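A short write-up of the structure that comes next.
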Amino acid sequence: MGLKIPKMRFKHIFLAVILLAVLTNGAFAAEEPKIDTGDTAWVLISTALVMLMIPAVGLFYGGMVRKKNALSTIMFSFAILALISVQWVLFGYSLAFGHDVAGVIGNLDWIGLNGVGQAPNADYAATIPSMAFMMFQAMFAVITVVLITGAFVERIKFSAFLVFSFLWATLVYDPVAHWVWGAGGWLRNMGTLDFAGGIVVHVSAGVSAVAIALVIGARKGFGKHTMEPHSIPLTVIGAMLLWFGWFGFNGGSAVASGGLAVNAFVVTNTGGAAAALTWMLLSWYHKKPSVLGTATGGIVGLAAVTPASGFVTPLAAIVIGSVAAVISYYAMLFRMKRNIDESLDVWACHGIGGAWGAIATGIFATTLVNPAGANGLLYGNSGLLVTQIIAVAVTWIYAFAVTFILAKVIDVTIGLRVGEEEEAVGLDVSQHAEKAYS
Amino acid sequence: MDIIKSIRNIIRFKHFFLAAILLAVLTDAAYAAETSKIDTGDTAWMLISSALVMLMIPAVGLFYGGMVRKKNALSTIMFSFIILALISVQWVLFGYTLAFGHDVGGVIGNLDWLGLNGVGQAPNADYAATIPALAFMAFQGMFAIITVALITGAFVERIKFSAFMVFALLWATLVYDPIAHWVWGTGGWLRGMGALDFAGGTVVHVSSGISALAIAFVIGARKGFGKQPMEPHNIPMSVLGAILLWFGWFGFNAGSAVASGGLAASAFVVTNTAAGAAALTWTLLSWYHKRPSVLGTATGAVVGLVAITPASGFVTPLAAIAIGAIAAVLSYYAMLFRMKRNVDESLDVWACHGIGGTWGAIATGIFATTLVNPAGANGLLYGNPAQLVIQIAAVGVTWIYAFVVTFILAKVIDATIGLRVGDDEEAVGLDISQHAEKAYA
Amino acid sequence: MKKIEAIIRPENLDGIRIALQEKGIIGMTVSEVQGRGRQKGVCLQWRAGEYCIEFLEKLKLDMIVDDKDVEPAIAAITQVAKTGRNGDGKIFIYPVEDVVRVSTGERGKEAI
């Protein structure tokens with residue numbers, strides 16, 4: 001007995017501990033949708049960072065146009081920030097992330113943010129308020145529309161631009177975001193990897209830019225007159241703020257603070273830097289190391305590393321960034337040779353950069369970086385590469401077709417272009433009755 | 001055997017029971033110890049929020065700087081920069097203790113925390129239980145600074161720099177610190193009355209907007225005002241300022257939750273939504289009158305941000321759309337009214353911040369709901385009209401106090417140091433006459 | 001030798017440069033100027049309401065040409081700059097006494 005009692009005790013204590021472990025686990029399971037202050041802080045600041053990228057695109061583009069169109073170009077980004085912020089709250093979020101309808105679109109359960117509150121939604125991010133996730137995604141929707149504006153600067157009618165932006169966000173962005181990121185989205189189910197929007201943001205914007213550029217036509221004097229960038233420092237400020245904000249864009253896409261966010265942060269910086277260097281060398285090889293080119297290269301690298309940022313190593317990022325710069329550089333020369341006035345090369349930078357990044361994800365991804373991801377070609381899984389190529393191709397086709405039709409319809413009804421005299425005077429005075437500089 | 005079994009069972013239960021009690025005790029103890037424990041996530045959020053609000057201060061300088069004539073660009077930017085330096089020191093020395101120190105009669109804090117004495121790394125549960133008291137102090141310091149910086153839009157292009165410095169220091173001490181204490185300080189009388197002001201609609205925007213009007217009356221209009229055009233010299237600079245303001249405002253409002261979590265996320269969302277709604281509304285208003293204005297859209301965004309500020313921790317995103325849109329309409333026509341009355345409150349601090357902040361504080365009394373924030377209150381739409389009355393009273397008191405004290409202060413400075421530069425200095429521009437510098441070569 | 005001074009709309013600069021080049025006229029000096037004529041000023045927007053600027057931005061081209069090039073130059077400029085509305089600009093012709101090319105010291109027609 002003297003021996004038995006301690007045994008029983010041990011057994012009981014053991015049982016108690018197990019029971020407790022179970023109970024505690026149960027408690028944790030119940031607590032799983034509990035808000036983590038660190039994760040929430042990181043996603044909130046990331047959201048703010050992505051918000052800053054939106055007007056930064058305006059500055060980036062605004063410096064590259066002629067003085068008489070500076071304000072109008074900056075206005076694009078500002079107006080879209082206001083417009084799509086409201087669209088997203090009213091119904092955009094529900095379309096993109098709401099309960100799935102046949103893999104293609106979200107339903108309208110969350111219209112007006114109905115049911116999107118301070119509690120987490122474990123489908124998307126279990127440790128932050130679902131409102132924080134909603135807002136983070138809102139900034140992605142906004143910036144994607146803003147990126148396209150580089151295609152039609154210096155000649156679009158402001159009213160037509162507003163209508164286009166609103167419809168494009170609804171008809172192109174929201175569905176594509178649902179396919180790739182929405183719970184139940186068909187590309188997501190197929191296994192497509194897009195960490196921070198290479199396909200959803202950059203490919204869709206880049207391809208749509210070509211489509212609308214083809215419809216609206218070239219600027220008056222394109223190819224004959226000089227179209228001088230009026231303030232390269234303004235463009236460089238824009239590029240700097242973009243780089244800065246991209247840490248939120250990619251690092252925040254981990255929707256939590258921790259190892260994966262740090263990996264994405266490091267890969268982002270490395271990819272941007274490698275591309276900026278490569279572009280600088282390319283321009284040097286052709287003529288002189290270009291400042292505007294280096295800034296552009298940085299953006300291209302950041303765009304390319306975006307889909308890969310949560311799946312690849314920093315060394316892979318160097319390759320992804322450098323290759324992106326080379327491809328985009330020659331895509332830009334090709335675009336010019338074809339005499340297409342896709343004015344600020346959204347296609348060459350984002351379309352090509354994003355497509356390469358998405359494909360590179362199929363090559364360089366490794367579950368060593370992100371166990372929730374997949375291995376790519378170099379890690380013995382060629383299936384992922386095929387999936388990535390299909391996802392990119394589908395997005396190219398869908399974005400191009402819908403945007404082309406949308407632009408045609410607007411052109412026929414409202415008219416996409418301003419009159420010749422308005423274009424000659426510049427959009428600042430003709431569309432906004434303002435002058436950028438006195 | 002049965003007996004033994006039942007004994008065994010009892011013993012088993014006893015152990016379980018003991019273990020459970022022990023655990024409960026341990027857990028309780030852990031929670032008790034945690035009440036004043038620093039949360040790293042909350043602290044990270046408050047530090048970055050403080051930095052975001054800091055960025056808003058020079059952003060006001062850029063926003064205003066782009067709207068003045070070229071010859072006054074530097075002087076206008078300098079206002080916000082020097083206030084950042086001046087009030088940073090004032091706040092550490094005695095501003096914080098006046099605003100947030102131990103209460104004296106509901107009207108002011110005492111001097112216990114002079115020179116930050118006793119304000120350290122441990123949390124102060126009166127204001128924020130999970131972050132260092134220093135972090136709360138720094139966050140509030142940025143609010144004090146930006147409030148003073150906002151006023152500078154009233155007297156650009158004509159104030160004497162020395163008079164401006166004296167005014168800024170005295171205004172922060174005599175107007176900002178008391179009002180902050182009334183509304184936010186423990187024991188403050190407006191707070192005791194139940195006034196809701198999440199992030200400073202009354203404390204920051206109403207107080208600065210009204211004071212701007214008061215000092216504009218004293219200093220008088222710019223030479224040539226109403227006769228010659230006062231062209232904004234660099235609208236992209238103003239837009240850059242507005243961008244950085246919008247960006248920083250996330251820290252301003254969402255940081256005012258003084259913690260990371262659901263309330264911060266909610267404040268973040270309504271902030272962005274109201275800014276969007278107000279900017280859109282302003283675009284449409286200017287379009288209706290002439291053309292969709294870029295400077296107007298940037299202004300509209302700022303007005304929306306102002307109006308949502310007091311409400312940001314209490315209202316839903318749909319309410320934010322209404323608050324932002326109405327704010328834009330009110331401010332737009334307030335601006336036109338100001339121009340028609342020929343008052344040279346040059347950059348419309350009153351119309352944007354005074355009117356926007358007033359509307360936001362009143363709207364809080366209409367749209368607030370405890371569904372968003374159980375620590376808040378319900379507003380008119382949720383069956384509590386009393387809250388609306390309290391909000392109006394708080395705004396009314398702030399209008400009167402800020403206007404009277406600022407008017408007297410400006411008069412005294414004008415009579416002693418002199419508020420205005422000489423005619424020649426004004427004609428040449430403050431950049432050269434006050435700072436011996438030129439903004440652009 | 002004559003000096004041709006042309007006030008033009010800023011957006012026509014490149015067109016005029018090309019048209020002049022086709023007539024063999026390459027050199028010119030371009031100045032940003034503000035001026036006022038029958039077109040009068042323009043009203044721009046403030047944040048709410050508007051303000052009016054009474055002088056408009058124009059470009060001034062100065063070029064020295066041989067006498068025989070004067071009419072072709074005028075033709076080239078007007079062909080591009082003429083819209084038929086107020087604000088198309090004006091052309092002034094002055095006689096020129098002499099020209100010096102600084103790099104070589106050439107004088108007169110050689111220096112144009």
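Values computed for the structure shown
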read-out	value
Axial C-alpha extent at least 27 Å, average Kyte-Doolittle at least 1.6 - helices from chain A (DSSP)	A:130-148, A:382-413
Taking chain A and dividing mean pair separation by its residue count, relative contact order in percent (alpha carbons under 8 Å, at least six apart)	21
R0 of 30 Å, Cβ-Cβ distance C:Arg107-C:Asp14: FRET efficiency to nearest 0.05	0.40
Computed FRET value (nearest 0.05) for A:Met336 with A:Val386, which takes r as the C-beta separation and R₀ as 30 Å	0.35
Helix-only [θ]222 nm of chain A, DSSP H runs n ≥ 4, -39500 (n - 2.57) each, per residue, nearest 500	-20500 deg cm²/dmol
Relative contact order, percent, chain B [alpha-carbon distance under 8 Å, six or more residues apart]	21
C:Glu32, C:Glu97 arranged by Cβ crowding within 10 Å, fewest neighbours leading	C:Glu97, C:Glu32
For A:Phe244, B:Phe100, order by how many other beta-carbon atoms lie within 10 Å, fewest first	A:Phe244, B:Phe100
Selection of chymotrypsin sites (Phe, Trp or Tyr not before Pro), the stretch B:387-441, meeting DSSP coil and at most 11 other Cβ within 10 Å	B:Tyr440
For the stretch B:35-435, size of Cβ-based charge dipole, Lys and Arg +1, Asp and Glu -1, in debye	920
Cα long-axis angle, helix B:133-151 against chain B (0 to 90 degrees, to the nearest 10)	20
Residue exposure sequence - A:Lys68, C:Lys40 - by fewest surrounding Cβ within 10 Å	C:Lys40, A:Lys68
In nm, spacing of pseudo-spin labels at B:His289 and C:Lys68 (7 Å Cα→C-beta vector)	6.1
Student exercise, the protein assembly as shown dipole from Lys, Arg, Asp, Glu Cβ charges, in Debye to nearest 20	660
Positive-end residue of C:Leu13, C:Val70, C:Val99, charge dipole of the stretch C:2-111 with Cβ unit charges	C:Leu13
Distance from the stretch A:108-135 to the stretch A:199-216 (C-alpha centre basis), Å	29
B:Lys411 paired with A:Leu108, simple spin-label distance in nm, labels 7 Å along Cα-to-beta-carbon	6.1
Between helix B:356-367 and chain B: long-axis angle, C-alpha atoms, 0 to 90°, nearest 10	30
C:Glu57 paired with A:Trp284, simple spin-label distance in nm, labels 7 Å along Cα-to-beta-carbon	3.6
Cβ-isolated cysteines (cut-off 4.7 Å), the protein assembly as shown	A:Cys349, B:Cys352
Surrounding net charge for A:Val215, when Lys and Arg each add one and Asp and Glu each subtract one, Cβ distance under 15 Å	+2
Chain B shape via C-alpha gyration tensor axes, a/c threshold 1.5	prolate
Coil-residue chymotrypsin sites (Phe, Trp or Tyr not before Pro) of the stretch A:182-231, DSSP, other Cβ within 10 Å capped at 11	none
Gained length - B:Met165 relative to B:Ile400, 0.36 nm times residue gap less alpha-carbon distance	82.2 nm
C:Val96-B:Phe337 FRET efficiency (beta carbon distance; Förster radius 60 Å; 0.05 resolution)	0.55
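No lab work stands behind these numbers, since they all come straight from the coordinates. Treat the numbers as computed from the prediction; the structure is a model and nothing was measured. Cβ atoms come from the backbone with ideal geometry, glycine included; neighbour counts cover every protein chain shown.
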